[in-house]
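Beneath this line is the structure, given in structure tokens, with notes to follow.
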Amino acid sequence: GGGLAQAPPPPDAKTWVQKHDKNGDGKIDREEFHQAVIEAFFLRDVNKDGYLSVEELVVITPQAQTLLRNKPDGKMTLAEFLNALHKDFTAADANDDGLLTAEEIEIYMRRGR
């Protein structure tokens with residue numbers, strides 16, 4: 001889909017990290033990330049059908065984009081969304097410390113487009 005390539009730019013990573021950094025260390029750990037992804041899924045599921053469609057995804061990460069390309073129905077479950085975004089977490093964690101900084105997120109999102 002050509003529509004996937006035209007996704008809007010990612011949200012400000014620094015603002016996103018500040019919002020979801022529950023322990024105040026300036027980084028996102030796996031649990032903080034997991035909770036943010038679940039929240040994002042339910043906020044984006046506008047029609048409350050338990051799936052995310054291309055239209056409901058405001059920002060499509062590289063892994064989510066790959067998943068949606070391979071799904072004939074164009075719908076993603078919560079489990080699929082979590083799996084795709086946890087793959088993004090691992091890929092974005094440049095120094096393999098199990099934490100994401102705003103800079104790592106920004107670099108990863110630019111690289112994936």
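The helices (runs of 4 or more DSSP H) falling completely within the stretch 29-113 that include 2 or more residues that are charged (D, E, K, R), open to solvent by 50 Å² or more (accessible area, probe 1.4 Å) and touching a residue at least 24 places away in the same chain (Cβ under 8 Å) map to 102-111.
For the stretch 58-109, the set of residues classified as among the polar types (S, T, N, Q) and modelled with pLDDT of 90 or more consists of THR77, ASN83, THR90, ASN95, THR101, listed by residue number.
The values are calculated or read from the model by the stated rules, or taken from the named source; none is laboratory data. Being a predicted model, the structure only gives us computed values, none of them experimental. Virtual Cβ from ideal backbone geometry, glycine too; neighbours counted across all protein chains shown. Ligands, DNA and RNA are stripped out before the accessible areas are found, and what is left, the full protein with its side chains, is counted by its heavy atoms. Shrake-Rupley method; radii C 1.70, N 1.55, O 1.52, S 1.80 Å.
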